[in-house]
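Heads up: the structure comes next, in structure tokens.
The values are calculated or read from the model by the stated rules, or taken from the named source; none is laboratory data. Computed from a predicted structure; not experimentally measured. Cβ placement follows ideal geometry from the backbone for every residue including glycine, while neighbour counts extend to all protein chains displayed. For accessibility, only protein heavy atoms count, side chains too; no ligands or nucleic acids. Shrake-Rupley method; radii C 1.70, N 1.55, O 1.52, S 1.80 Å.
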Amino acid sequence: MTRYARQVQLPQVGAEGQARLAAAHVLVIGAGGLAAPALSYLAGAGVGRITVMDADRVSLSNLHRQTLFTMDDIGAPKAEAAAARLRAQNPEVTITALCEAFTPANGAARLAGVDLALDCADSYAASYTASDLCGPVPLITASVLGASGYVAGCCGGAPSLRALFPDPPDSAASCATAGVFGPVVGALGALQAQMALGALLGLKPSSLGQAITLNTATWRMASFRFDAAPEPDRALRFIATSQITETDAVYDLRPESEARHTVGQGAIRLPDTCPTQIRPAKRVVLACSSGLRAWRLGTALGPDFPGEIVLVADPQQETTP
């Protein structure tokens, strides 16, 4: 009896499919609650190479939903703690831990050579950045808050996350500020793993172009395809703070209480409700804590604004759920 016997027994997998999984390289962005079941199931399925990225460390408040970790892991880098647990689970899989956030500055390099990416950061700045950079690489993304969330298969020949959700989110709330049920996070993370396996195996119907929503407050689950969703004509992209240049006109939309890090030299502090104070420039950089205020202001400036508008979220990737 082999490790993968029950999986290979499936007609959708077989020996050929198992070989495809063993040859695959998956990048997992974030090592929190969504990643906990996703990583476990991908490693258990025999995905040959898994790279996990996370700049955060394990804390006590993580443990109710980030089930890869125990009390002994508190204070340890999440990526390293997760990698150690996965190696113990399946030593046949090669696990690489990167203790860094996925950002517009390093994202393209981290995606080079991977067969599929999982967005488990649950930060919409990181999610849209991953979607912008993935292109031909399939991306399985998910988001969860409170008692509900969604999972979707983007890029890799399917529409991007921007096509699925072209408008700014309604709220910048996070699990840290609004709370979350652990089992909801786990359910959506498990769905991410299943969609990833489906994409790697080439199962039909494809998990790319598929979205699933879950609301445990109303006990409703729904799914829909978005294969024909058009890409937006104008997309405000995120850049990293390190990518700001001397010629950029930088506007910091954060109040003093949020400005833990500087955003470029000579940044002008400005309330996000004052679009008329943004002066035309070759490139305007709008920065805020989550990226949402910057996105809304950039949208309000409209497509006729003279010059390029880019966004900075500081930090780029928040603590994962």
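Within the stretch 196-206, is there a residue that is at pLDDT below 95 and open to solvent by 30 Å² or more (accessible area, probe 1.4 Å)? First the steps, then the outcome.
Residues of the stretch 196-206 that are at pLDDT below 95, as a first pass: none.
No, because not a single residue in the stretch 196-206 is at pLDDT below 95 and open to solvent by 30 Å² or more (accessible area, probe 1.4 Å).
If the Cβ limit is 8 Å and pairs must be 6+ apart or interchain, which residue in the stretch 143-154 that is within 13 Å of residue 165 (Cα to Cα) and touching a residue at least 40 places away in the same chain (Cβ under 8 Å) pairs with which residue that is open to solvent by 20 Å² or more (accessible area, probe 1.4 Å) and of a type in the set (Val, Ile, Thr)?
As it stands, the answer is 150/212; 150/213; 151/212; 152/212, since those pairs meet every condition given.
Does residue 112 qualify as being touching a helix residue (DSSP H, G or I) at 6+ places or on another chain (Cβ under 8 Å) and either open to solvent by less than 10 Å² (accessible area, probe 1.4 Å) or not β-branched (Val, Ile, Thr) (or both)?
Against the criterion (touching a helix residue (DSSP H, G or I) at 6+ places or on another chain (Cβ under 8 Å) and either open to solvent by less than 10 Å² (accessible area, probe 1.4 Å) or not β-branched (Val, Ile, Thr) (or both)), residue 112 does not qualify.
Of the conditions (1) open to solvent by 20 Å² or more (accessible area, probe 1.4 Å); (2) within 19 Å of residue 34 (Cβ to Cβ); (3) in contact (Cβ under 8 Å) with a residue 40 or more places away in the chain, residue 165 fails just one. Which one is it?
Of the numbered conditions (1) open to solvent by 20 Å² or more (accessible area, probe 1.4 Å); (2) within 19 Å of residue 34 (Cβ to Cβ); (3) in contact (Cβ under 8 Å) with a residue 40 or more places away in the chain, the odd one out for residue 165 is (3).
Out of curiosity, is residue 227 modelled with pLDDT of 95 or more and open to solvent by 30 Å² or more (accessible area, probe 1.4 Å)?
Criteria met by residue 227.
If I ask for residues that are open to solvent by less than 100 Å² (accessible area, probe 1.4 Å) and at pLDDT below 80, which ones from the stretch 246-260 would you list?
258, 259
I'd like to verify a number: residues in the stretch 37-64 that are in contact with a Phe, Trp or Tyr (Cβ under 8 Å, 6 or more places away or on another chain) and over 23 Å from residue 104 (Cβ atoms), how many?
5
Please work out if residue 16 is over 18 Å from the mean Cα position of the chain (by Cα) and part of a helix (DSSP H, G or I).
Yes; evaluated as a whole, the condition is true for this residue.
What number of residues within the stretch 213-222 are more than 19 Å from residue 127 (Cβ to Cβ) and open to solvent by less than 90 Å² (accessible area, probe 1.4 Å)?
5
Answer yes or no as to whether residue 236 is within 22 Å of residue 102 (Cα to Cα) and open to solvent by less than 90 Å² (accessible area, probe 1.4 Å).
Yes: the conditions hold for residue 236.
Let's see how each residue does on (1) of a type in the set (D, E, K, R); (2) open to solvent by 10 Å² or more (accessible area, probe 1.4 Å); (3) touching a residue at least 60 places away in the same chain (Cβ under 8 Å):
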| residue | (1), (2), (3) |
| --- | --- |
| 64 | no, yes, yes |
| 76 | no, yes, no |
| 80 | yes, yes, no |
| 83 | no, no, no |
| 91 | no, yes, no |
| 95 | no, yes, no |
| 99 | no, yes, no |
| 132 | yes, yes, yes |
| 140 | no, no, yes |
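Could you list, in sequence order, all residues of the stretch 48-62 that are over 22 Å from residue 144 (Cβ atoms) and open to solvent by less than 40 Å² (accessible area, probe 1.4 Å)?
48, 51 - these are the residues of the stretch 48-62 that are over 22 Å from residue 144 (Cβ atoms) and open to solvent by less than 40 Å² (accessible area, probe 1.4 Å).
I want to confirm something. Restricting to the stretch 230-245 and keeping residues that are under 15 Å from residue 162 (Cα atoms) and aliphatic (A, V, I, L, M), which single residue is modelled with the lowest pLDDT? First the steps, then the outcome.
Let us first name the residues in the stretch 230-245 that are under 15 Å from residue 162 (Cα atoms), namely 230-238.
Next, from what is left, pick out any that are aliphatic (A, V, I, L, M): 235-236.
Numbers: 235: 89, 236: 93.
Here the residue is 235.
Residues are listed down the side, and each one gets a yes or a no for (1) over 21 Å from residue 102 (Cα atoms); (2) not basic (Lys, Arg):
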residue: 209; (1), (2): yes, yes
residue: 215; (1), (2): yes, yes
residue: 219; (1), (2): yes, yes
residue: 222; (1), (2): yes, yes
residue: 227; (1), (2): yes, yes
residue: 231; (1), (2): yes, yes
residue: 249; (1), (2): yes, yes
residue: 263; (1), (2): no, yes
residue: 283; (1), (2): yes, no
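Having 1 or more residues that are touching a strand residue (DSSP E or B) at 6+ places or on another chain (Cβ under 6 Å) and over 26 Å from residue 299 (Cα atoms) is the bar; report the strands (runs of 3 or more DSSP E) wholly within the stretch 181-280 that clear it.
Correct list: 210-215, 220-225.
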